[in-house]
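One structure below.
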């Protein structure tokens, strides 16, 4: 996996796992791969993985079961909040960019709607 | 921690393999000579003469090869990074060279003996007793050990000096160092024997008390009296030299001699 | 001495060679279970530092402890240095290398070596002298990781290695470094090893000028490469 070299890697791994949960690759209650396995898959240090997992456990997104491993929480509220946080993170970036172009919020909404319409339309012609 | 015997066996395995290749070449040469004899181009005496000569050459080349193997042990990572005390490494290498030399000599001697017997020469087996032959052999082995010890000392001094002085690129400077360290070693040996002579005089170990009358003075060793006892006295002297210089070598090795740098960035 | 505290403890290390001061007053402590990047320009002393730790270089002032062990012979048993193959007969085949290592190093695992050799695509029958530079580096890595040590020292392992091979080597490092062991990798191309590092140690002006956790550097929005280059004030270097 390619990483941004200016952001702590453990944080990027947290984001990666959040996304895996959102898109469904990691279902609620599913077991997260072992630390060493994750390290190999993502080509990062075991300590980095452990720090990322510790953070996710602290946030309640993952649950640690002694002797069994780490599991995605089944608490739908926690997961919903996480999804919201991730989406808002993306939106925040877009909002800041558009705002720096001088657009007002109403303009932004309209622009987004038009974009989606054009893109969907374009896709159906493929 | 690796044991000395493991190191000894690995060293001996490699050195014996190397020396065996030389023996094979020697046998090849002998085979050629025999064929030439059978074709009537040379006489039996020629075969014996040339093959003995080549046997000697093989022994000398073997000696040089072993000297190189030994030097490797002091300056190559593959040996110095082994988890073993440096003095054990030194002993293993020195004994390994001894073992390999004995192997080489035994094989060459056997080949020569076979040739002599096959050629029909009865040979000149003198009436020298077994004890005498064995004593001479022991003396020769100890002298060989001393030679290896001195060569080790050379290598170590050279490595130490070239590591210490700046920019040892010039080959001529290296030659000067080698020459100088040979002189130093010979002087050390000279001092050693003078010191031993003084010690013997002072403590009264005269020839009479040992059934020998060997004197050691500035001119070297002079032997009178029973040859056998003289042999053993000189063996003892050389053995003492081997032990003392060996201890010095071990000290230098563990304190000063570093390995060669491999060509990666510093 | 508590063996579990530090993988490496160096105090007041100074070293001269050929009438040149190469390292002066180096102090460095590394905990167990970490991957550490040793960064420095060409000629800064990275290799020398590794040689001193491993025992190739011995005429130094100061103290060096590895896993609590100070004396050279035992200390060597705690360290696996990538240069430990120097002096191997170039005619030997890859398979023979394992035999020789087993004979001389009690902690060498032939089974691990065979797996690593396969992972790194090394032919057991190839002679060392016939191996390309890249393959020789792979062999060095396989040998180094096949020993069970407390401290691994890799000196420029990715020198001249292509991208795909580097990935395989990174994977090998992650897979075969024991949990409690510490691994020190020197490289002057930081980006090669960037995402593996727990911390970085910078060598400059004959000593350790910085020791920092990788996450701390990145948390400030700086890449490790930029961090390293900041010590050279933007000078051009290799």
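Each value in this text was obtained by applying a stated rule to the coordinates, not by laboratory testing. Keep in mind that what you see is a predicted model, and the values were worked out from it rather than measured. A quick note on method: Cβ atoms are made from the backbone with ideal geometry, for glycine too, and the neighbour counts reach across all protein chains shown.
Tabulated data
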{"item": "Neighbour-count ranking [beta-carbon atoms within 10 angstrom, fewest first] of B:79, B:9", "result": "B:9, B:79"}
{"item": "Part-to-part distance (alpha-carbon centres) for the range C:73-148 and the range A:37-57, which is given in Å", "result": "29"}
{"item": "Tail weight of P(r) past 26 Å, computed on alpha-carbon pairs of chain A, percent", "result": "39"}
{"item": "Within a Gaussian network of chain C (alpha carbon springs, distance under 10 Å), most fluctuating of C:220, C:129, C:204", "result": "C:220"}
{"item": "Normalised convex hull volume, the range B:1-125, alpha-carbon set, Å³ per residue", "result": "100"}
{"item": "In degrees, nearest ten, helix A:46-59 long axis to first principal axis of chain A (Cα)", "result": "70"}
{"item": "Relative exposure of B:41, C:51, judged by other C-beta atoms within 10 Å (fewest first)", "result": "B:41, C:51"}
{"item": "Highest-MSF residue in chain A out of A:90, A:113, A:65 [GNM, Cα springs under 10 Å]", "result": "A:113"}
{"item": "Average other protein chain Cβ within 10 Å of Cβ, residues C:78-86", "result": "5"}
{"item": "Residue A:57 paired with residue B:64, simple spin-label distance in nm, labels 7 Å along Cα-to-beta-carbon", "result": "6.7"}
{"item": "Extension gain, residue A:31 back to residue A:50 (0.36 nm per residue minus Cα-Cα distance, nm)", "result": "5.3 nm"}
{"item": "Spatial separation of Cα centroids for the range A:83-106 and the range B:76-113, in angstrom", "result": "77"}
{"item": "Potential lengthening between residue C:42 and residue C:5 on full extension [0.36 nm per residue; Cα-Cα distance subtracted]", "result": "10.2 nm"}
{"item": "Residue with peak Gaussian network fluctuation, chain C [Cα springs, cutoff 10 Å], from C:172, C:132, C:223", "result": "C:132"}
{"item": "Sum of -39500 (n - 2.57) over DSSP H runs of 4+, divided by residues of chain C (222 nm, nearest 500)", "result": "-9000 deg cm²/dmol"}
{"item": "Two-decimal ratio, the range A:77-124, of alpha-carbon radius of gyration to 2.2 N^0.38 Å", "result": "1.41"}
{"item": "Values of log10 I(q)/I(0), in the order q = 0.09, 0.11, 0.12 Å⁻¹, for chain C under a Debye, Cα-only, solvent-free model", "result": "-0.37, -0.56, -0.67"}
{"item": "Zone residues, the range C:166-207, relative to residue C:121, backbone N less than 13 Å from point 7 Å out along Cα-to-Cβ", "result": "C:166-169"}
{"item": "Label-zone membership for the range C:126-150, site residue C:164, 7 angstrom Cα→C-beta point, backbone N under 15 Å", "result": "C:134-135"}
{"item": "Rough spin-label spacing in nm, given labels placed 7 Å along Cα→Cβ, for residue C:133 and residue C:209", "result": "2.7"}
{"item": "Rg ratio (alpha-carbon, reference 2.2 N^0.38 Å) - the range A:9-74", "result": "0.99"}
{"item": "R0 of 22 Å, Cβ-Cβ distance residue C:89-residue B:99: FRET efficiency to nearest 0.05", "result": "0.70"}
{"item": "Ellipsoid equivalent to the protein assembly as shown - semi-axes via the Cα gyration tensor, in Å", "result": "67, 28, 22"}
{"item": "Angle in degrees between helix C:133-145 and the longest Cα principal axis of chain C, rounded to the nearest 10", "result": "90"}
{"item": "Cα-derived Rg over Rh, computed across the range C:142-194 with Rh taken as Kirkwood radius", "result": "0.94"}
{"item": "Theoretical gain in end-to-end length, residue A:19 to residue A:41 [0.36 nm per residue, Cα-Cα removed]", "result": "6.3 nm"}
{"item": "Kirkwood Rh, Cα atoms: Rg over Rh of the range C:72-209", "result": "0.95"}
{"item": "Helix A:9-23 vs. chain A, principal-axis angle (Cα, 0 to 90°, nearest 10)", "result": "70"}
